[in-house]
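Heads up, the thing below is written out as C-alpha cells.
Any read-out appearing in this document is the output of simple, stated calculations on the displayed coordinates, not a laboratory observation. Remember, it's a predicted structure, so these values are computed and weren't measured experimentally. Cβ: placed from backbone, ideal geometry, glycine included. Neighbour counts: every protein chain shown.
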C-alpha cells in the first residue's frame with residue numbers, strides 16, 4: 001500500500017459545536033483545496049494531548065495509513081457504501097432460459113460492470129426455489145468479484161451448507177415464502193433466536209460475517225444483538241411504500257413521515273447495541289434523499305431500481321448516478 005499525504009487541522013468553525021479535527025488526504029497544496037474537492041475522511045474529537053493550537057496545521061508526509069483514517073481517533077468514516085443486488089439481472093435471464101444452464105443477461109458480467117463503476121460490493125440471493133440466481137452464479141461471483149460478496153439466504157440447512165462451502169464475505173439471513181414476488185417483511189428474530197444463533201455461530205467459525213434483515217422494530221433489533229450478528233439490514237420497504245408521491249407531499253417535515261422516524265430510531269438503537277447498520281428494499285433514485293436522514297448507515301443494498309435504470313442509461317451509468325446521490329452522507333451531522 002502506498003503512503004498518503006494528509007493534514008490534521010483544528011477547524012472549530014467548520015464543525016459547529018464539535019470543536020473537532022478535520023482530516024483530509026491532500027490532492028492540493030492546502031487543506032482548503034482538499035475541502036473544496038471533498039477529499040476528506042471525516043470529523044474526529046479534539047486531541048489536546050498533541051498540543052495543537054487553534055491555528056496550527058501539522059503536515060505529515062508518506063505515512064502508511066489505511067483509508068479509514070478516522071477510526072484511529074475513535075470515529076468512523078461517513079462514506080456510505082453501495083452494494084448492488086444482481087438478482088433482477090438473473091430474473092430477466094430466467095424468463096427466457098430457465099432450466100437451460102446458460103443464457104443472457106449474465107448476472108456475473110453485470111456484477112463486474114457494477115464494480116468497475118464504483119460499487120463497493122455485490123449482493124446475490126440464492127433462494128431455495130432458485131427463481132433467479134443459480135448455484136453456478138454464486139460460485140462464479142465468489143471467483144471473480146474483487147470487492148465484497150454478500151449472500152442473501154434463508155436459514156435453511158441446504159443453503160447454510162452451501163454458504164459454509166462458498167465462504168462469501170458476509171451473509172444476510174432473510175425470510176422466504178415461495179408465493180412472494182420478492183422478499184416481503186423482515187426476519188422474525190425474536191421467535192427464531194435459538195436457530196439463528198446456531199447458524200451465526202457456524203458462520204462465525206468459518207470467518208463469515210452475519211447480517212439479519214429485519215424491520216426497524218426495537219424488539220427485533222435487540223434480538224439480533226443477542227444472536228451475535230455483526231450487522232442488521234433495516235427493511236426499508238414500508239418507508240419506500242409510504243414515500244411522498246408529489247412535490248407538495250415531499251415538503252412534509254420528517255415528523256409527518258412515521259416510517260422514516262422508525263428507521264432513524266432503529267438505526268440509533270442498533271448502533272447503541274454495537275450493531276453495524278445497513279439498509280435496503282425498495283430504495284430508488286427518488287426516495288434516497290429522504291433516507292439520508294437515517295444516521296449510522298454503513299451500506300445500502302439496492303438492486304431493482306439500478307437494474308431498471310440501466311435499461312435506459314446503461315448499467316455503469318446507473319451505478320454512478322446512485323453513488324452520486326449517496327455522496328456526502330453524514331456531512332454536517334452532529
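Calculate, for residue 261 and residue 131, the FRET efficiency according to 1/(1 + (r/R0)^6) with r their C-beta to C-beta distance and R0 41 Å; round to the nearest 0.05.
E(calc), rounded to 0.05, equals 0.75.
Can you tell me the equivalent ellipsoid semi-axes for region 81-326? Use √(5λ) from the Cα gyration tensor, largest first, whole Å.
Working from the Cα gyration tensor, I get semi-axes of 26, 24, 15 Å.
Hull surface divided by four, with the convex hull built on the Cα atoms of region 132-181: how many nm²? Spell out each step's value before the answer.
Values: hull surface 15.0 nm².
About 3.8 nm², averaged over all directions.
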